[in-house]
1. Is the range 327-343 home to any residue that is assigned to a helix (DSSP H, G or I), away from the ligand (no atom under 16 Å from the Cβ) and within 27 Å of Leu35 (Cβ to Cβ)?
2. Could you tell me whether Ala131 is in contact with a Lys or Arg (Cβ under 8 Å, 6 or more places away or on another chain) and aliphatic (A, V, I, L, M)?
3. Conditions first: (1) aliphatic (A, V, I, L, M); (2) surrounded by fewer than 20 Cβ atoms within 10 Å (Cβ to Cβ); (3) touching a residue at least 12 places away in the same chain (Cβ under 8 Å). Leu78 passes all but one, so which condition is the exception?
4. Scan the range 322-344 and tell me whether some residue there is buried (at least 19 other Cβ atoms within 10 Å of the Cβ), among the hydrophobic types (A, V, I, L, M, F, W, C), under 18 Å from Leu26 (Cα atoms) and touching a Lys or Arg at 6+ places or on another chain (Cβ under 6 Å).
5. What tally of residues in the range 127-166 results from selecting those that are within 15 Å of the ligand (Cβ to nearest atom) and over 22 Å from Glu187 (Cα atoms)?
6. Looking at Tyr277, is it at pLDDT 95 or above and away from the ligand (no atom under 16 Å from the Cβ)?
Amino acid sequence: MVSLAQSDVMNFLNEIASEYPEAISLAAGRPTERLFDRLSPQRLAEALGEYQSSSAKGPLRIDDLLQYGRTAGVIPDLIAAQLRTDQMVAARPNELLVTSGCQEALMLCLASICGEPNDILLLPNPTYVGAVGAAQACQVRTWPLEPGDLPEAIEKAAVQIGKAGRVPKALYLIPDFDNPTGNVISEAKRREIIELCKRHRILVLEDSAYSLFNFDGQSILPMAAMDDAGCVIHLSTYSKTICPGVRVGAATLPETLFGSRDDQLSLWKALVQRKSYITVNTSSICQAIVGGLLLDQKCSLLNWIDPALRVYRTNRDVMLKTIERTFAPYAGVVGWNRPAGGFFLALDLPFDFDVDAVVECATEYGVIVMPMAFFAFDDSQSRSVRLSFSAVTPDQISTAVEAFGRYVATRISRRAVA
Ligand SMILES: Cc1ncc(COP(=O)(O)O)c(C=O)c1O
């Protein structure tokens, strides 16, 4: 089984995509570009202007936005309002750090929370490579959770880590439409996890990158909105809802950390100080553009994302239908989930799918898919792939899934012959 270090995954995929440009990529977890024409240079300039003229103290000078800006950000009030409206997170502007995307929010939190050599970050297995990469970059030790029931795995890990003389300090989760699995953590499990984390004093880093892309009905409250213990830090981003190019996200702290206002304040200061050494401040121009769009949308992005939501829902449906048709002969052998939102679906195969398999699929079948093993700490995911349906058209999805089906059929028949 040929595998890759998680840090090499992104390079590998970019190289494959540029080496085989005709292959359809179900690997990239990007937002669709079909709606980027809503963000023409003129529209971006209008948003900037709208933000400038919104200041209660009179129009903001462009010079103020071109200068270095406040480290904690210039639009925390607008972001807090949007998080309150769209996600019911009780965000307070003074405790919300505007970051260069969710990735910076994650890095800052990991480095500031897990600062001691014995501090451990718990993560699901598989999980978002960017979280593992951020932990490595900050030299934070990681602890992959066992598969199965999440609260049970957290409890077990906390006890084992404690016995080993270490401290389970933080837990990274993507409760809504997980990257890479597409799965959702149920409301009951979210509440159980908060109780456990309260008991073990573990801070939850709740990554909500995909939360607003809910296709099938009632959203579950974010963990940050259920948190009565002061243990959930909410990480958010405009990369998927507006566009990744703005590089604007946020870390929203609870009012206290486990009931302590002092601890919360000292974490806040540590985050701001660290940010001042890393990116100084998030681009004020980009914040102003996001701010103008938020003002235009009355601090709710639900209408704005509706066209994208429809694209992703249609794509998910086409992917599911094609998978059902293509893999019908392999019922009980090939399995998949039915993501209720987000960008990703997980497909289980009856054979290992590694780097060589990615190359074979790209060259011989014209489709690029992501081995789930790329997101894993061990070989437990070697027989799964992640299929992304966000940045492709319905036609590309059916062509690519059918092509992947031919590859799977060949692999299964090769196995039968062997
Ligand atoms: C789960 C998750 N978190 C964070 C990010 C990074 O987001 P940003 O562009 O805001 O840094 C991604 C990007 O794909 C992601 O999938």
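1. Filtering the range 327-343 down to residues assigned to a helix (DSSP H, G or I) leaves 328-330.
So of that shortlist, the ones also away from the ligand (no atom under 16 Å from the Cβ) come out as 328-330.
Subsequent filtering for residues that are within 27 Å of Leu35 (Cβ to Cβ) retains none.
Within the range 327-343 (the criterion being assigned to a helix (DSSP H, G or I), away from the ligand (no atom under 16 Å from the Cβ) and within 27 Å of Leu35 (Cβ to Cβ)), the answer is no, since none of the residues qualifies.
2. no
3. That leaves (2) as the condition not met.
4. yes
5. Residues of the range 127-166 within 15 Å of the ligand (Cβ to nearest atom): 127-135, 137.
Checking which are over 22 Å from Glu187 (Cα atoms) leaves us with 129-135, 137.
Residues in the range 127-166 being within 15 Å of the ligand (Cβ to nearest atom) and over 22 Å from Glu187 (Cα atoms): 8 in total.
6. On the way: at pLDDT 95 or above: yes; away from the ligand (no atom under 16 Å from the Cβ): yes.
Spelling it out, Tyr277 is indeed at pLDDT 95 or above and away from the ligand (no atom under 16 Å from the Cβ).
Residues checked against (1) hydrophobic (A, V, I, L, M, F, W, C); (2) within 16 Å of Leu121 (Cα to Cα); (3) not in a helix (DSSP H, G or I):
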site: Ala157; (1), (2), (3): yes, yes, no
site: Ala170; (1), (2), (3): yes, yes, yes
site: Asn183; (1), (2), (3): no, no, yes
site: Glu195; (1), (2), (3): no, no, no
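Here is a yes/no grid of residues against (1) touching a helix residue (DSSP H, G or I) at 6+ places or on another chain (Cβ under 6 Å); (2) more than 16 Å from the ligand (Cβ to nearest atom):
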residue	(1), (2)
Met223	yes, no
His234	yes, no
Gly245	no, no
Gly249	yes, no
Gln264	no, yes
Trp268	no, yes
Val272	no, yes
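The values are calculated or read from the model by the stated rules, or taken from the named source; none is laboratory data. From a predicted model like this one, the values you see are computed outputs, not experimental measurements. Backbone-built Cβ (ideal geometry, glycine too); neighbour counts: all protein chains shown.
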